[in-house]
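Following: one structure in structure tokens, then a few remarks.
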Amino acid sequence: MIQAAFYLGNRSIRLGEIQPRDPATDEVQIKVSHCGICGTDLHIFHGALDKRVSMPAVLGHEMSGTIHALGDGVAGLAVGDSVAVMPIAPCNDCPACAAGHNHICHNLNFLGIDTPGAFQSYWTVPAHTVHRIPDNLSLMHGALLEPLAVACHDVRLADVQSGDQIVVVGGGPIGILVALVAQHAGGRVIVSEINPYRVELAALMGLETVNPNETDLVDLIMSRTRGAGADIVFEVSGSQAGAAVMTELLRTRGLAVIVANFPRNPQVDLYRFFWRELRMQGVRVYESQDFADAIALAAGGALPLDRIITDVRPLGGLKSGFEDMEQGGKVMKILLEL
Ligand SMILES: [Zn+2]
Ligand SMILES: [Zn+2]
């Protein structure tokens, strides 16, 4: 038997034991090292996805570990390899898959939401989801590869160019990673965030950060761009305020990138879209090349990954992690160490 954390519904988490699942022919069993707590896990804890998860549910998808066992049909991986998992399994049979966008498959199996995840000491996954981590990247940093791949995908689809004026609305873990990747690509990035702890932390990571409750963000961007507006706004806050300011910030034909998962439909100024010929791009998860980019970026050492990880707790810290996240306390990314 192995250790696991179970979500039971109604804000309830129980630590317990579970039988590890042996790998099938095309599967890999991983000894989990670290697994981050994601905003999506918090939504699940709040009951927002109770129709989708089957309880008791083992969550967790931002993980790193070492290969413990391999199915007979798996090539190119070995026991002992350090790995991270790109936790999506497409059906390869729907219109999205047929069109070459199997990362947003209509029947996508998101590992750790739709099927068991990595808040357990051994995790068995399809071999195609497994990415090897280079020796110079620690397993702790490896647990940031999944959210970093989100950021790489978002910046790639936004086609960030050197010198672009960029605003990232929302300075949580994904917003910070988007900002860091966009800045690394040569963008002139400003992060907008209202939590003072996160403003300070982002500044320590070398990001220009403003609190829109203290600084008029639109005035600031207009003065920086001689009244033109930003080239790209990444909306990562999922808030009505973010959806409203996004259209005010953008230049003629500027691009609004919708990263956040909006719990309620926001009001968006479509007149402004018409008037300035604005564009909008939704972005969701990642493709294999984004995972490869994330690994190269993280291993390259240019990103302040240590500062993003504000807490490392044992598996039993899952519930307190959720509580600290929902209170908007002094946390950025919390990792559980298995
Ligand atoms: Zn996530
Ligand atoms: Zn599909």
Among what's in segment 30-56 and is in a strand (DSSP E or B) and either within 11 Å of ligand 1 (Cβ to nearest atom) or open to solvent by less than 10 Å² (accessible area, probe 1.4 Å) (or both), pick the residue that is farthest from Arg132 (Cα to Cα). Gly36
Somewhere in segment 150-161, is a residue more than 16 Å from ligand 1 (Cβ to nearest atom), assigned by TED's automatic domain parsing to the domain that holds Val236, part of a strand (DSSP E or B) and buried (at least 20 other Cβ atoms within 10 Å of the Cβ)? no
Here is a list of conditions, (1) within 16 Å of ligand 2 (Cβ to nearest atom); (2) farther than 28 Å from Ala182 by Cα, and Leu111 meets all of them except one; can you say which number that is? (2)
I need the full set of residues from segment 93-113 which are open to solvent by less than 40 Å² (accessible area, probe 1.4 Å) and either part of a strand (DSSP E or B) or basic (Lys, Arg) (or both), in order please. Phe110, Leu111
Determine, yes or no, whether Ser138 is without any contact (Cβ under 8 Å) to a residue 24 or more places away in the chain and within 19 Å of Glu337 (Cα to Cα). yes
Kindly provide the set of residues from segment 69-92 that are open to solvent by less than 50 Å² (accessible area, probe 1.4 Å) and not in a loop (DSSP other than H, G, I, E, B), ordered by number. Ala69, Ser82, Val83, Ala84, Val85, Ile88, Ala89
Criterion (of a type in the set (A, V, I, L, M), outside the structural domain of Ala260 (by TED's automatic domain parsing) and within 15 Å of ligand 1 (Cβ to nearest atom)) met by exactly one of Leu111, Leu139: Leu111
Exactly one of Ile174, Ile194 is over 15 Å from Ile232 (Cβ atoms), of a type in the set (Val, Ile, Thr), open to solvent by 30 Å² or more (accessible area, probe 1.4 Å) and within 18 Å of the chain's Cα centre (by Cα), and that residue is Ile174
Among the residues of segment 1-29, which ones are open to solvent by 40 Å² or more (accessible area, probe 1.4 Å), under 30 Å from Gly73 (Cα atoms) and of a type in the set (A, V, I, L, M, F, W, C)? Met1, Ile18, Ala24
Of all helices (runs of 4 or more DSSP H) completely enclosed by segment 210-308, which ones contain at least 2 residues that are at positive phi, acidic (Asp, Glu) and in contact with a strand residue (DSSP E or B) (Cβ under 9 Å, 6 or more places away or on another chain)? none
Name every residue in segment 293-332 that is within 27 Å of Cys105 (Cβ to Cβ), crowded, with 16+ Cβ neighbours inside 10 Å and of a type outside the set (Val, Ile, Thr), in order of residue number. Asp293, Ala294, Leu297, Ala298
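The values are calculated or read from the model by the stated rules, or taken from the named source; none is laboratory data. Owing to the predicted nature of the structure, the values given are computational and were not obtained by experimental measurement. With ideal geometry, Cβ positions are generated from the backbone for all residues, glycine too; neighbour counts draw on all protein chains shown. Remember, those area values only see protein heavy atoms, side chains included, never the ligands or the DNA or RNA. Shrake-Rupley method; radii C 1.70, N 1.55, O 1.52, S 1.80 Å.
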